[in-house]
Amino acid sequence: MNSKILLFVVLGIVSLSFAGGPYLLVMDASGSMSDTTPPNYDETKMEAAKTAANNFIDQTSGEIALVVFDDCDAGGDINSGGIRLLQSFTTDKSALKSKVNSLEPYWDTPIADALTEAKAYLQSSKGTGTIILITDGQETCGGDPVTVAGGIYGQGVGTVHVIGYLIGGEAEETAMEIAEAGGGNYYSVENAVELEEALEDITGGGDIVCCPTTALLLLPFVGFFIKRRK
């Protein structure tokens, strides 16, 4: 094989290996997630979000973790309270989907504090990664989620993408600002299909993790091969 072609292939594998993930889902479980969705109004926002999240989990081979927020809980323990780590990073799809299916709408929308705790968890567990915030509302606990998102991105912890679920007006403007400050994209969605499409776009189509160990092991041989060819 031509040495330049071999190098291109291996570097391509490496680039795929480190694309985007791991993914930290930060899901809104505030009271408004119990509202039903158009056009038939026979499914709640939460039910639609569960469907989309489960399909996302099925189609993504990398590690995913799940944080849920449903009540004001500044400075709380991420393992309990209104902002909770329901599932640490794992590739166990059954465990992830079980936690997603356990979600129930409750009360408030502490977006800033949820992002703050998500940042701390991501730093301590993986160092860096991608945060995906799914919300249908606006901050209700007095925080500044735009500033928090800017810190996540500016400090190199990760990128913050935001999926706004049936929101508009000031709430949507804030959601867009969160995504911009977090170096990510904003997606406006109205149903489970659009929510799933947004998740797929963020991950580049789903199956984004490809044999990083193999790729790295190949690199020394590429260098040796190129040297022998000279």
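The values are calculated or read from the model by the stated rules, or taken from the named source; none is laboratory data. All values derive from a computational prediction rather than experimental measurement. Cβ: placed from backbone, ideal geometry, glycine included. Neighbour counts: every protein chain shown.
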Which numbered condition residue 185 misses (of (1) surrounded by fewer than 21 Cβ atoms within 10 Å (Cβ to Cβ); (2) in contact with a His (Cβ under 8 Å, 6 or more places away or on another chain); (3) closer than 18 Å to residue 69 by Cβ): (3)
Subset of the range 27-49 [within 14 Å of residue 193 (Cβ to Cβ), out of contact with any Pro (no Cβ under 9 Å at 6 or more places or on another chain) and either in a helix (DSSP H, G or I) or modelled with pLDDT of 95 or more (or both)]: 47, 48, 49
Among (1) in contact with a Lys or Arg (Cβ under 6 Å, 6 or more places away or on another chain); (2) modelled with pLDDT under 95 - the single one residue 87 does not satisfy: (2)
Pairs, first closer than 18 Å to residue 199 by Cα in the range 110-139, second outside any strand (DSSP E or B) and of a type in the set (D, E, K, R), C-beta under 6 Å, six or more apart: 136/45
Residue, surrounded by the fewest Cβ atoms within 10 Å (Cβ to Cβ), within the range 124-162, restricted to residues that are under 13 Å from the mean Cα position of the chain (by Cα) and within 15 Å of residue 30 (Cα to Cα): 134
Selection from the range 135-162 of residues that are of a type outside the set (Val, Ile, Thr) and within 20 Å of residue 22 (Cα to Cα): 149, 150, 151, 153, 154, 155, 156, 158, 161
Test for residue 74: is it surrounded by fewer than 20 Cβ atoms within 10 Å (Cβ to Cβ), among the small types (Gly, Ala, Ser) and touching a helix residue (DSSP H, G or I) at 6+ places or on another chain (Cβ under 9 Å): yes
Residue check for residue 52: buried (at least 21 other Cβ atoms within 10 Å of the Cβ), assigned to a helix (DSSP H, G or I) and in contact with a helix residue (DSSP H, G or I) (Cβ under 6 Å, 6 or more places away or on another chain): yes
